[in-house]
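All remarks here apply to the structure that follows.
The values are calculated or read from the model by the stated rules, or taken from the named source; none is laboratory data. Model, not experiment: these values are computed from the prediction. Cβ placement follows ideal geometry from the backbone for every residue including glycine, while neighbour counts extend to all protein chains displayed. These accessible areas exclude ligands, DNA and RNA; they are computed on the full protein's heavy atoms, side chains included. Shrake-Rupley method; radii C 1.70, N 1.55, O 1.52, S 1.80 Å.
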Amino acid sequence: MISVAEALAHLFDLAQPLETEVVPLKHANGRVLVENAIARRDQPPFSASAMDGYAVRNADVTTGATFTMIGESAAGHRFDGAINAGECVRIFTGAPLPKGADRIIIQEDVTADGDKITLGDNLDSNPYVRAKGFDFKDGDVIPASKTLGPSDIALLAAMNISDVTVTRRPKVAILSTGDELVMPGEEPTEDQIIASNSFGLYAMLKDIGAEPRLLPIARDNEASLKTAFSLAEDADLLVTIGGASVGDHDLVGDVAADLGMERSFYKITMRPGKPLMAGRLSNGAMMIGLPGNPVSAMVCGKIFLEPVIRAMLGLGKAPAREFTAPLAHDVKANGPREHYTRARQENGSVSIFERQDSALLSVLAAADTLVIRPPNDPARKAGEIMRCVAI
């Protein structure tokens with residue numbers, strides 16, 4: 001058996017960077033930018049008013065001063081003339097600043113009478129001018145690599161960028177195995193259970209930028225498994241669930257080997273998740289064989305699948321992001337494997353659930369944290385600082 005860190009290193013060796021593609025900006029949310037995006041204009045493209053009011057020369061501003069209004073500037077409709085001493089232009093938020101003006105007097109500080117305005121006694125000192133290029137300038141760069149979110153999309157649009165170069169989404173085929181499984185909505189026999197792992201992993205992979213698809217459940221025989229493997233020939237990554245242990249009905253490893261898989265490793269010193277397997281298929285695709293227990297599969301998804309997908313997307317080769325938090329209560333000593341215990345953050349501390357069986361999806365659903373305990377970790381007291389991963 002190898003450690004979690006060693007397993008991740010092997011997985012990163014297997015993870016191949018994917019090709020790029022150009023997509024329209026409206027389809028770029030959640031995609032990974034792989035080429036720098038360069039602004040094609042200043043923002044704002046002209047000095048603009050930040051408030052409704054009157055554009056004036058700051059040198060003319062004194063309490064009680066009177067100005068003659070010579071025109072109006074609105075968003076999309078600038079005043080084409082220039083302001084001279086004693087003159088002003090009625091201006092609205094977002095409108096271009098007239099030539100000669102360098103200050104906006106907000107309308108609340110003005111008394112208007114026809115084409116004359118008089119400044120009040122308590123003038124706001126803010127000039128309320130957004131200078132040209134105040135937000136960003138022509139040639140400014142959004143650097144790769146990063147996952148684009150809604151705010152990035154808005155910024156790219158303002159930069160006058162209509163298309164971006166992103167990493168192709170990894171195609172991930174998810175294969176559940178076992179005679180005991182039926183799909184949600186079907187009527188199981190007394191000896192069958194509902195396939196849940198594949199749906200949880202599908203959601204997880206979708207959230208992190210992959211293009212997952214569910215394969216039909218493979219039964220515990222070589223013919224069914226070989227047929228299922230053939231349905232994944234166009235995938236970048238095949239994720240199998242179950243059948244990777246050493247029982248008489250655990251055939252995934254043998255079938256994969258028969259089909260030409262070069263195994264990278266099998267079994268890790270982790271709880272839950274010991275029977276983890278990985279390798280490369282004969283078509284060049286990566287394969288990861290997850291345990292069949294529901295919690296084991298989902299925890300391994302967080303600790304291994306997510307970092308692998310990020311590596312494929314060009315976001316670097318790094319383990320799941322950790323944080324530290326104090327224990328809310330005492331815990332007993334750990335066993336000989338690295339333990340990923342389901343926990344919940346409460347009032348700045350983490351509370352580890354008492355029940356940690358790898359079949360308890362209800363506990364996993366109630367958890368928001370995995371507390372990481374190294375092999376043979378001694379008993380811990382409340383307040384001790386623990387390594388954690390958010391889930």
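For segment 172-192, state whether one or more residues are part of a strand (DSSP E or B) and open to solvent by 70 Å² or more (accessible area, probe 1.4 Å).
There is no residue in segment 172-192 that is part of a strand (DSSP E or B) and open to solvent by 70 Å² or more (accessible area, probe 1.4 Å).
Report, by residue number, each residue of segment 255-291 that is in contact with a strand residue (DSSP E or B) (Cβ under 8 Å, 6 or more places away or on another chain), touching a residue at least 40 places away in the same chain (Cβ under 8 Å) and open to solvent by 40 Å² or more (accessible area, probe 1.4 Å).
Selection gives SER264, LYS267, ARG271, LYS274, ARG280.
May I ask you to list the residues in segment 143-162 that are among the small types (Gly, Ala, Ser), open to solvent by less than 80 Å² (accessible area, probe 1.4 Å) and not in a loop (DSSP other than H, G, I, E, B)?
Once the filter is applied, which keeps residues that are among the small types (Gly, Ala, Ser), open to solvent by less than 80 Å² (accessible area, probe 1.4 Å) and not in a loop (DSSP other than H, G, I, E, B), segment 143-162 yields ALA154, ALA157, ALA158.
For residues that are of a type outside the set (Gly, Ala, Ser) and touching a helix residue (DSSP H, G or I) at 6+ places or on another chain (Cβ under 7 Å), tally how many sit in segment 24-53.
Adding up the residues that qualify gives 4.
Tell me which residues, restricted to segment 187-226, are out of contact with any strand residue (DSSP E or B) (no Cβ under 6 Å at 6 or more places or on another chain), of a type in the set (Gly, Ala, Ser) and in contact (Cβ under 8 Å) with a residue 24 or more places away in the chain.
Within segment 187-226, SER196, GLY200, GLY209 meet the criteria.
Of all residues being in contact with a strand residue (DSSP E or B) (Cβ under 7 Å, 6 or more places away or on another chain) and among the polar types (S, T, N, Q) in segment 334-369, which is farthest from VAL299 (Cα to Cα)? Just the residue, please.
SER349
Wholly within segment 35-142, which strands (runs of 3 or more DSSP E) include no fewer than the required count, namely at least 3 residues that are in contact with a His (Cβ under 8 Å, 6 or more places away or on another chain) and open to solvent by less than 50 Å² (accessible area, probe 1.4 Å)?
Result: empty, no element qualifies.
With free of Cβ contacts under 8 Å to residues at least 12 places away in the same chain and not basic (Lys, Arg) as the only criterion, which of ALA15, ALA9, ALA95, ALA48 stands out?
Being free of Cβ contacts under 8 Å to residues at least 12 places away in the same chain and not basic (Lys, Arg) holds for just one of ALA15, ALA9, ALA95, ALA48, which is ALA9.
Being farther than 25 Å from GLY314 by Cα, of a type in the set (Gly, Ala, Ser) and touching a helix residue (DSSP H, G or I) at 6+ places or on another chain (Cβ under 7 Å) narrows it down to one residue among SER162, SER196; which is it?
Within the list SER162, SER196, the selection yields SER196.
Quick check on my filter: what residues within segment 206-219 are open to solvent by 40 Å² or more (accessible area, probe 1.4 Å), out of contact with any helix residue (DSSP H, G or I) (no Cβ under 7 Å at 6 or more places or on another chain) and either assigned to a loop (DSSP other than H, G, I, E, B) or over 29 Å from THR167 (Cβ atoms) (or both)?
The answer is ARG219, and nothing else.
Scan segment 118-139 and give yes if some residue there is out of contact with any helix residue (DSSP H, G or I) (no Cβ under 9 Å at 6 or more places or on another chain) and under 14 Å from ASP60 (Cβ atoms), otherwise no.
Among the residues of segment 118-139, at least one is out of contact with any helix residue (DSSP H, G or I) (no Cβ under 9 Å at 6 or more places or on another chain) and under 14 Å from ASP60 (Cβ atoms), which makes the answer yes.
Take the conditions open to solvent by 60 Å² or more (accessible area, probe 1.4 Å) and either without any contact (Cβ under 8 Å) to a residue 40 or more places away in the chain or out of contact with any helix residue (DSSP H, G or I) (no Cβ under 9 Å at 6 or more places or on another chain) (or both) and apply them to GLU21. Does it pass?
So GLU21 passes the test.
Would you mind finding the one in ALA328, ALA365, ALA318 that is hydrophobic (A, V, I, L, M, F, W, C) and over 28 Å from the mean Cα position of the chain (by Cα)?
ALA328
Output the residues belonging to segment 226-235 that are in contact with a Lys or Arg (Cβ under 8 Å, 6 or more places away or on another chain) and either open to solvent by 30 Å² or more (accessible area, probe 1.4 Å) or at pLDDT below 95 (or both).
Once the filter is applied, which keeps residues that are in contact with a Lys or Arg (Cβ under 8 Å, 6 or more places away or on another chain) and either open to solvent by 30 Å² or more (accessible area, probe 1.4 Å) or at pLDDT below 95 (or both), segment 226-235 yields only ASP234.
Given the structure, is VAL110 free of Cβ contacts under 8 Å to residues at least 60 places away in the same chain, among the β-branched types (Val, Ile, Thr) and on the phi < 0 side of the Ramachandran plot?
When the stated conditions are applied, VAL110 passes them.
Which residues, taken from segment 220-242, are charged (D, E, K, R) and over 14 Å from GLY253 (Cα atoms)?
Scanning segment 220-242 gives GLU233, ASP234, ASP236.
Which ones in segment 136-164 are more than 23 Å from PRO212 (Cβ to Cβ), under 20 Å from the mean Cα position of the chain (by Cα) and polar (S, T, N, Q)?
SER151
With respect to the numbered conditions (1) under 30 Å from ASN283 (Cα atoms); (2) in contact with a Ser or Thr (Cβ under 9 Å, 6 or more places away or on another chain); (3) outside any strand (DSSP E or B), which one is the sole condition not fulfilled by GLN16?
With respect to (1) under 30 Å from ASN283 (Cα atoms); (2) in contact with a Ser or Thr (Cβ under 9 Å, 6 or more places away or on another chain); (3) outside any strand (DSSP E or B), GLN16 is out only on (2).
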